[in-house]
Amino acid sequence: MKVGIIGFGVVGKKRYASILENTSYTVDAISENNSLARKDIPENIEIFEDYQLLIDSAKVDIVFISLPNKFAAEATVLSLKKGLHVFCEKPPAKTLAELNAVKAISAMCPDLKLMYGFNHRFHNSVEEAKSIIQNNTFGNLINMRGVYGKSQMINFNQDDWRTRREDSGGGILLDQGIHMLDLMRYLSGESFTQIFSFIDNAFWNFDVEDNAYVLMKSSRGIVAQLHSSATQWRHLFNLEITMEKGSLVLGGILTGSKSYGEETLTIITADPSNDRGAPHEAISKFNKDVSWDNEIKYFADCLVNNFAIKRGSIDDAIETMKLIEAIYKADPIWKKKYYT
Ligand SMILES: NC(=O)c1ccc[n+]([C@@H]2O[C@H](COP(=O)([O-])OP(=O)(O)OC[C@H]3O[C@@H](n4cnc5c(N)ncnc54)[C@H](O)[C@@H]3O)[C@@H](O)[C@H]2O)c1
């Protein structure tokens, strides 16, 4: 299989290394419209300036799309129409409407794989939490409480497309909070139907949110709270999952910046009558971020065995985008400003 990488920024480069390390694929084409970034493209790879040119004429079987959000849906649609398998980074689109159009095209291409990069699902701590919840070790779920925050909208001296609504579609919730929402959906298996929120852009003052405060309830009564923030001066990833007989805490996560602390999973066994609120805890620490490599291996495995994509599918992407838009619209002021 021959691969084309579309957008050779921070993530495009990460995917390039991971594809070479974990698959038998060759990377034959890269599209990058910034002349400085093009200098980083390794030799013997065909270079296309605009992504549409690569999709149109590169001789590849798969494309990895790591472009600014505003191009994600269109690049996916064009690639599927061209008969290419697609791996696209989150967010899958700027809006749910754009993503619905992708879904319609992908439904017409049953032989092509389409996967979205929700790499947090592939962290070891998350995999272990998922299996504990699935095994029903601590009984039914009661609630989830997550915080995911960073100290600004842009890292790594990147272009500032993330701060412009027309280019990004949304702020910190769509950019980073989307991972926490995806994890909440993935780990609980719940569909959240009642949603309350406050959406704010008062600190950084861009036309995208810098804080989203969210309270949600599923039809089965599971409650989830999320704070997604771009004013979290000390970077933080924390997700508490409370069940009837214990709880799990995903604390810290290994990322490129290493600023979210050590990746740990704390398993708390509740015995409220005897432990006086200081229960038995077992902490596992994970030292390696395997998420990017394991995600690519999963995608390659689905391709070679012709398995359906079950982690990061178009349906996952649609459900998470539905949730995001419902969250934006649950704040009456934000709704009035951007959705009427
Ligand atoms: N899974 C994750 O945790 C994760 C992490 C970071 C970013 N992402 C996602 O990956 C995508 C890319 O993010 P990034 O941080 O690499 O951004 P980036 O700005 O570093 O990279 C985007 C690249 O696309 C190039 N580009 C822009 N327009 C182009 C065009 N018309 N044709 C060809 N190239 C073009 C830019 O020059 C840039 O090099 C975003 O959707 C982002 O949300 C995912």
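Taking the stretch 150-177 as the search range and keeping residues that are among the polar types (S, T, N, Q) and more than 9 Å from the ligand (Cβ to nearest atom), which one is surrounded by the most Cβ atoms within 10 Å (Cβ to Cβ)?
Here the residue is Thr163.
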Looking only at the stretch 200-258, and only at residues there that are touching a helix residue (DSSP H, G or I) at 6+ places or on another chain (Cβ under 8 Å) and among the polar types (S, T, N, Q), the one that is surrounded by the fewest Cβ atoms within 10 Å (Cβ to Cβ) = Ser218
key: Of the criteria (1) surrounded by fewer than 20 Cβ atoms within 10 Å (Cβ to Cβ); (2) without any contact (Cβ under 8 Å) to a residue 40 or more places away in the chain, which one Asp61 fails   = (2)
inquiry  = I want to confirm something. Restricting to the stretch 85-106 and keeping residues that are free of Cβ contacts under 8 Å to residues at least 40 places away in the same chain and crowded, with 23+ Cβ neighbours inside 10 Å, which single residue is farthest from the ligand (Cβ to nearest atom)?
reply    = Val86
task = Look at Lys82 and say whether it is at pLDDT 95 or above and under 18 Å from the mean Cα position of the chain (by Cα).
result = no
key: Among (1) crowded, with 22+ Cβ neighbours inside 10 Å; (2) more than 11 Å from the ligand (Cβ to nearest atom); (3) closer than 15 Å to Tyr328 by Cβ; (4) among the aliphatic types (A, V, I, L, M) - the single one Met144 does not satisfy   = (3)
query = Does any residue of the stretch 119-132 turn out to be under 18 Å from Gly7 (Cβ atoms), under 18 Å from the mean Cα position of the chain (by Cα) and touching a residue at least 60 places away in the same chain (Cβ under 8 Å)?
reply = yes
ask   = Take the residues of the stretch 281-317 that are among the β-branched types (Val, Ile, Thr) and in contact (Cβ under 8 Å) with a residue 60 or more places away in the chain: which is surrounded by the fewest Cβ atoms within 10 Å (Cβ to Cβ)?
value = Val290
key: Filter result for the condition that a residue is over 15 Å from the mean Cα position of the chain (by Cα) and either assigned to a strand (DSSP E or B) or not aliphatic (A, V, I, L, M) (or both), over Lys297, Lys322, Lys310   = Lys297
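Going through the stretch 2-22 one residue at a time, which ones are more than 15 Å from the ligand (Cβ to nearest atom), touching a helix residue (DSSP H, G or I) at 6+ places or on another chain (Cβ under 9 Å) and either modelled with pLDDT under 95 or not in a helix (DSSP H, G or I) (or both)?
Val3
The values are calculated or read from the model by the stated rules, or taken from the named source; none is laboratory data. This is a predicted model, so every value here is computed, not measured. Ideal geometry is used to build each Cβ from the backbone, glycine not excepted, and the neighbour counts take in all protein chains shown.
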